[in-house]
1. Got a number for the accessible area of B:PHE46? Probe 1.4 Å, square angstrom, nearest 10.
2. Roughly how far apart, in whole Å, are the Cα centres of region A:9-49 and region A:60-109?
3. Given 10 Å bins starting at zero, what is the percent of C-alpha pairs of region B:77-155 in each, up to the one with the largest pair distance?
4. Probe 1.4 Å, all protein chains in place: accessible area of A:ASP94 in Å², nearest 10?
5. If you take every residue apart from A:PRO5 with its C-beta less than 13 Å away from the C-beta of A:PRO5, what net charge results, scoring Lys and Arg +1 and Asp and Glu -1?
6. Sorted by accessible area with a 1.4 angstrom probe, largest first, how do A:LYS37, A:LYS51 fall?
7. Whole-Hz Karplus ³J(HN,Hα) for region A:74-84, in order, using 6.51 cos²θ - 1.76 cosθ + 1.60 and θ = phi - 60°, x for Gly and Pro?
8. Work out the mean other chain Cβ neighbour count within 10 Å for the residues of B:68-75 and drop it here as an integer.
Amino acid sequence: MAATPKPRVKVPKTAKAGEVIVLKTLISHEMESGQRKDKEGKVIPRKIINKFTCELNGQLVFSADIDPAISANPYLEFSARVPESGTFKFTWVDDDGSIYTDEQKIEVR
Amino acid sequence: MEDRMTLTRRRVLALTAGFAAVPALQLLSGVAHAAAEDTTKLIADFTGGKEPQSGKIKLTAPEIAENGNTVPVSVSVDSKMADGDMVQSVMLVAEGNPRPEVVTFHFTALSGAAAATTRMRLAKTQSVIALAKMADGSVYMDKKEVKVTIGGCGG
């Protein structure tokens, strides 16, 4: 069993009102595909992050439905329009029901 | 006389090679067909039966991926992401993988731009397909062939 997944997120500290910024996210996770076999030939059960969402002040910005074909330590880069200062909330949902989150503030000048 | 002999020998060789190749080809097409059906169904579920058009969507992937475990892919759709001109979702499909679905991105008015980058697994050399569904229901498609040196699905 790998260590608890650790999210890492890159968000600019400031933006102009209405600016479109790029967000980069990464979470450490083995993304076990359910296709691999162990030494005894038994299939290793699937365990992946299957859902990712990004919200700004509670409003959905971007989400992704993830399948086993996404690499280990899933990386996602996407953009967001920032109308006002606030907090980005990032959520990753694991197959086992665990939820990992991270938050980052952004200031509009 | 001598000329004729060589010709015959060549022909015989060519014929033998041809026969040997037939079962191999049949086997290959059989495997590809099963996956193709999955892919067709997946795409039909996403498009709702609409015929995908070309243009608007751009898929960026390396021509040659040395490691199939982590292949960077980017997709972007030409859209204002405001008023009526919106991209709802983008789906990536790898038709040569044991399971063709890769990821589906959902965009909103707060996305600002319909673009995303991630890293995917590719089992073997194959075509990667990107489909974009617009708010008005139209569907756009782009396709890229990626050569894979080491497959990335284990087992």
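The values are calculated or read from the model by the stated rules, or taken from the named source; none is laboratory data. In this text the structure is predicted, and so the values were computed from the model without any measurement. For neighbour counting, all protein chains shown are included, and Cβ atoms are generated from backbone atoms with ideal geometry for every residue, glycine included. Keep in mind that these areas ignore ligands, DNA and RNA; they rest on the heavy atoms of the full protein, side chains included. Shrake-Rupley method; radii C 1.70, N 1.55, O 1.52, S 1.80 Å.
1. Roll a 1.4 Å probe over it and B:PHE46 shows about 20 Å².
2. 10
3. Result, from short to long distances: 18, 44, 25, 11, 1 percent.
4. Here the accessible area works out near 0 Å².
5. Working: positive: A:LYS6, A:ARG8, A:LYS47; negative: A:GLU30, A:GLU32, A:ASP94, A:ASP95, A:ASP96, A:ASP102.
Charge balance in the 13 Å sphere: -3.
6. Details: A:LYS37 120, A:LYS51 65 Å².
The ranking, largest first, comes out as A:LYS37, A:LYS51.
7. Rounded to whole hertz, the list is x, 10, 9, 10, 7, 10, 8, 8, 10, x, 7.
8. Working: counts 1, 3, 5, 2, 3, 1, 1, 0.
Taking all residues of B:68-75 together, the mean is 2.
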